[in-house]
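These notes concern the structure reproduced below.
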Amino acid sequence: GGGMATPEPCLWLHSPPGGPPPIPLPPAGRSLVLGRGPLTRVTDRKCSRSQVELCVDPESQVVMVTQLGVNPSTAGGTQLNPGSHAPLAVGETLLLVNGLYPLTLRSTAGAPEPDPQVQEEAQGAPPEPPTKRLRGPHGWQELGPLLVFTAPGARASKKVAGFDLDGTLITTRSGKVFPTGPEDWRILFPEIPKRLRELEADGYKVLVATSSGLYRKPVTGMWDHLCEQANEGVPVSLADSVYVGDAAGRQANWAPGRKKKDFSCGDRLFALNLGLRFSTPEEFFLNWAPAPFTLPDFDPRTLSPTGPLCLPPTGPLVGPGPEIIVAVGFPAAGKSTFLQEHLVSAGYVYANRDTLGSWQKCVALCTEALKAGGRAVVDNTNPDPTSRARYISCAKDAGVPCRCFHFTASLDLARHNNRFREMIGSAHPSVSDMVLFSYRKQFVAPSLTEGFSQILEIPFRPCFTDAQHASLYRQFSEG
């Protein structure tokens, strides 16, 4: 038709902090099927891969939710059965399966914003074009995926008191874990407003931080933005600053009447990444004694860039004659980088299923390389004896040895590497947790009884030429 069409509001499903990034709904008339998988980051087997179908009604902007899976989904408080459906209005929450994995429907005329509280307030602001420069002293700014609100009268200071929002300054009025809508909030402790006013009177700048992606705690993007862009050039003194949050790694029953364990350690790790003093809301506002806590088992700061390239350290990495080398290890365990650097550079033919398309083509390439008197390296995950046997028999047919390079990076390390790749926008495609868990499930440690002439273990060594990447890598990136 003619004339200017008003742009349809976009609909998004938002997850609470720690969940997946916002999921956009397709335009009216098209449907979206959600379930277990990378979009929702749900790995629970009780949730079908096709758990629900969502369809937007163009008139009302209501989403019709149809359950496809076996176990019950809940749409806006209505529990569904297989085949049944119920409407989901903006502000209402879909629980994917068995009352878990909340996704709240939000409507926005622009880009999504991960925090519902901020999102709702943002909708009241007049739409202005996103800008890279600070636009005046206060109000809302959209900086890529970061939405910043600066209160009138906010001033620069070398002392910063940072706070998480949900569970630290506010909680739900309904008593539910996740807010039922934009009105469902209250101040967590009566002491909070007075304490915040005291901090301001004492010359502190108050920061409230709640976000996702490169800005998602424990990654320090939000703090870096404050220091670099939003403090009028005044250097922040870490020694005089503090960060307060409820994701503190406290175990169940950490205090009388506090039965639940913290859902993560993200806030404490955020402070740890920055070298900031940390308090829980109870410690900071109520002066409770520090509660015991546990940090994650995996600590990226302990990985050494030096040390032996392989175990046993005598190797050798490059064999004396024609051979096949079979890599074994998680995706994101450092296989490709290592093999390119040490073997391909020494003349090995490189076989990789992702680039060739099938294991059959990898075997064919190895056979060809050996026929020409060369050597080959197979860069796949090869988790089990079946996947490795193809190359062992290929080497045997050619009368040459087959060695195994076992990349020993753990699941936690592979997940860390994968998140790091996503954050720096690496050329390596990132993989879903599902792919990593599936490798772990299939994994059988390589053994000489399979027919390998030697097995070398390759420890992961983080090496960087970029200092910023090196320091980002050493940060905890998941609570």
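Bear in mind that the values in this text are calculations on the coordinates, not laboratory data. Model, not experiment: these values are computed from the prediction. Note that each Cβ is placed from the backbone with ideal geometry, even for glycine, and that neighbours are counted across all protein chains shown.
Structure notes:
- By the rule of a C-alpha distance below 22 Å, with chain neighbours fewer than 8 residues away ignored, the lysines paired with Lys361 are Lys335, Lys371, Lys396.
- Kirkwood analysis of the stretch 372-427, using all unique Cα-Cα pairs, places the hydrodynamic radius at 13.9 Å.
- Alpha-carbon radius of gyration plus Dmax, which is the widest Cα pair, for the chain in Å: 26.3, 80
- The modelled label-to-label distance between Phe189 and Glu457, using points 7 Å beyond Cα along the C-beta direction, is 4.7 nm.
- On full extension, the segment bounded by Ser438 and Ser107 gains 115.6 nm, given 0.36 nm per residue less the C-alpha separation.
- Stokes-Einstein diffusion coefficient of the stretch 311-414, Kirkwood radius over Cα pairs, 37 °C, 0.692 mPa s, in µm²/s: 240
- For the stretch 351-479, the fraction of C-alpha pairs farther apart than 24 angstrom is 39 percent.
- The stretch 186-239-the stretch 20-59 distance, computed between alpha-carbon centres (Å): 34
- Packing rank of 172-179, 202-209, where each peptide gets the mean count of other beta carbons within 10 Å, highest leading: 202-209, 172-179
- Within straight-line reach of Lys441, meaning a Cα separation under 13 Å, sit the following aspartates and glutamates at least 8 residues removed in sequence or on another chain: Asp384, Asp433.
- Scaling against 2.2 N^0.38 Å puts the C-alpha radius of gyration of the stretch 9-73 at 1.13.
- Once the C-beta distance of Lys396 and Asp354 is scaled by a Förster radius of 30 Å, the resulting FRET efficiency is 0.70 to the nearest 0.05.
- Ranked by how many other beta carbons lie within 10 Å on average, peptides 146-153, 337-344 from highest: 337-344, 146-153
- Cβ crowding within 10 Å averaged over residues, with 24-36, 414-426 ranked highest first: 414-426, 24-36
- FRET efficiency for Arg155 and Thr386, using Cβ-Cβ distance with R0 set to 56 Å, rounded to 0.05: 0.30
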